[in-house]
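Chemist: My structure is below; once you've seen it, I'll send some questions.
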Amino acid sequence: MLWLRRAARGCARTGGAFGVLGLCLLAPAGCTRPSNPTPVQWDLLWQDEFDGPAGTSPDASHWGYDIGTDWGNAQLEFDTARPENVALDGGGRLAITAREEAYQGRAYTSGRINTNGFFAQAEGRFEARIQLPVGQGIWPAFWLLGANIATVPWPGCGEIDIMEYRGQAPNVLHGSLHGPGYSGGNALTSSYVLPGSAGFDQDFHVFAVEWSKDRITWIVDDTRYLTVRPADLPSGSAWVFDHPFFIILDVAVGGNFVGPPNSSTTFPQPMLVDYVRVYGRAG
């Protein structure tokens, strides 16, 4: 079904890339160089710290499961609610684990969870501290989808990709904005390159967006690397980021954005989530 899929990506992404430490190497169409903003005071409104015994499921009052396969992106895994794919690790982290195993006619399993029906918010700061998996064909993401999707089909409901990346390029991640007239391969998007020789699979990093009425800014750790405003949209396009969105965490295997795994890809591949937190502006 279209309403709970991640937007289909072609391999051709439009726009340029912001480079190391957010320095603008090529100013992309439809994107704005981030500026140094006035500091904002935030109030914590919602969180999950993933505390609990190893092997237990995440808080059922916070998260539901998308169970199935493909989601419109030619993905190869079957997403389950099994603890083998989605469970607390006992150390204050959630593990979403992609595995190579025959299941429901697929060669891989993984997990995809969301807060739809439990929590949604318009504007604020959405952040998660995550250590990413790695390998050809591994596609993790932390993203937001418009909570009105049942009545306003994608892309009219809007989508904010806070973090996604190709496991075969572990030092590069992508932030994107999707809406009517700027979705899929035509999303407003930019990339962030991790300084040094390490990849996002080697340690935890904080991925966030700060979203207000007139802009959305993408942040890795303390570096702002992309801002999109209504004026940056293609001519005639609508800014649809004026209503609540819910949170999705998933690890896909294969798909249009990353291609299939190959002989170099090892399994299992866990995405470890230390926390997810959502803030509103103080006052």
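Chemist: Mind checking which pairs have a first residue in segment 257-269 that is closer than 11 Å to Gln168 by Cα and a second that is of a type in the set (Lys, Arg) and modelled with pLDDT of 95 or more, Cβ under 6 Å, 6 or more apart or different chains?
Modeler: Note: pairs meeting the criteria are Val258/Arg166.
Chemist: Something else: Mind telling me which of the residues Asp221, Asp201, Asp232 ends up being touching a residue at least 12 places away in the same chain (Cβ under 8 Å), at positive phi and not polar (S, T, N, Q)?
Modeler: Unique residue meeting the criteria: Asp221.
Chemist: Identify, by number, the condition in (1) closer than 18 Å to Asn114 by Cα; (2) among the small types (Gly, Ala, Ser); (3) not in a strand (DSSP E or B) that Ala238 doesn't meet.
Modeler: Unmet for Ala238, out of (1) closer than 18 Å to Asn114 by Cα; (2) among the small types (Gly, Ala, Ser); (3) not in a strand (DSSP E or B): (1).
Chemist: A further question on this structure: Being buried (at least 19 other Cβ atoms within 10 Å of the Cβ) and either under 17 Å from Ala141 (Cβ atoms) or in contact (Cβ under 8 Å) with a residue 40 or more places away in the chain (or both): is that true of Val206 here?
Modeler: Answer is no for this residue.
Chemist: Residues being assigned to a loop (DSSP other than H, G, I, E, B), among the small types (Gly, Ala, Ser) and either touching a His at 6+ places or on another chain (Cβ under 8 Å) or within 30 Å of Gly124 (Cβ to Cβ) (or both): count how many of those fall in segment 256-283.
Modeler: Going through segment 256-283 one residue at a time, the tally reaches 2.
Chemist: Considering only residues that are surrounded by fewer than 23 Cβ atoms within 10 Å (Cβ to Cβ) and within 20 Å of Asp201 (Cβ to Cβ), which ones fall in segment 112-127?
Modeler: Hit for segment 112-127 is Glu127, nothing else.
Chemist: Shifting gears a bit: Test Gln47 against the criterion of being touching a Gly at 6+ places or on another chain (Cβ under 6 Å) and either at pLDDT 90 or above or under 24 Å from Asn171 (Cβ atoms) (or both), and give yes or no. Give the derivation first.
Modeler: On the way: touching a Gly at 6+ places or on another chain (Cβ under 6 Å): no; either at pLDDT 90 or above or under 24 Å from Asn171 (Cβ atoms) (or both): yes.
In short, no.
Chemist: Given the criteria under 28 Å from Ser263 (Cα atoms) and among the aliphatic types (A, V, I, L, M), does Leu173 qualify?
Modeler: For Leu173, the condition - under 28 Å from Ser263 (Cα atoms) and among the aliphatic types (A, V, I, L, M) - is met.
Chemist: Sticking with this structure for a sec: Among the residues of segment 102-135, which ones are touching a Leu at 6+ places or on another chain (Cβ under 6 Å) and among the aromatic types (Phe, Trp, Tyr)? Talk me through it step by step, then tell me what you get.
Modeler: Going through segment 102-135, the residues touching a Leu at 6+ places or on another chain (Cβ under 6 Å) turn out to be 108, 113, 131.
Scanning segment 102-135 gives a single hit, Tyr108.
Chemist: To continue, here is another question. Would you say Trp211 is of a type in the set (Phe, Trp, Tyr) and touching a Leu at 6+ places or on another chain (Cβ under 8 Å)?
Modeler: no
Chemist: Return yes when Tyr165 is among the hydroxyl-bearing types (Ser, Thr, Tyr), buried (at least 20 other Cβ atoms within 10 Å of the Cβ) and farther than 19 Å from Val206 by Cα and no when it is not.
Modeler: No: the conditions fail for Tyr165.
Chemist: If you go through segment 212-238, how many residues are surrounded by fewer than 19 Cβ atoms within 10 Å (Cβ to Cβ) and of a type in the set (A, V, I, L, M, F, W, C)?
Modeler: Residues flagged as surrounded by fewer than 19 Cβ atoms within 10 Å (Cβ to Cβ) and of a type in the set (A, V, I, L, M, F, W, C) within segment 212-238 amount to 2.
Chemist: Next question, about the same structure. Give segment 59-103 a look and list any residue that's within 16 Å of Glu49 (Cα to Cα) and touching a residue at least 60 places away in the same chain (Cβ under 8 Å), or say none.
Modeler: Across segment 59-103, the qualifying residues are Asp89, Gly92, Arg93, Leu94, Ala95, Ile96.
Chemist: Going residue by residue through segment 53-70, is there one that turns out to be at pLDDT below 95 and in a loop (DSSP other than H, G, I, E, B)? Before the answer, list the steps.
Modeler: Filtering segment 53-70 down to residues at pLDDT below 95 leaves 70.
From what is left, the residues that are in a loop (DSSP other than H, G, I, E, B) are 70.
The answer is yes; a qualifying residue exists.
Chemist: Can you run down the residue pairs with Cβ atoms below 8 Å, 6 or more apart or on separate chains, where the first is in segment 112-129 and farther than 24 Å from Glu84 by Cα and at pLDDT below 95 and the partner is part of a loop (DSSP other than H, G, I, E, B) and of a type outside the set (Val, Ile, Thr)?
Modeler: Partner pairs satisfying both residue conditions: none exist.
The values are calculated or read from the model by the stated rules, or taken from the named source; none is laboratory data. No experiment lies behind these values; they were computed from the predicted model shown. Using ideal geometry, Cβ is built from the backbone for each residue, glycine included, and neighbour counts are taken over all protein chains shown.
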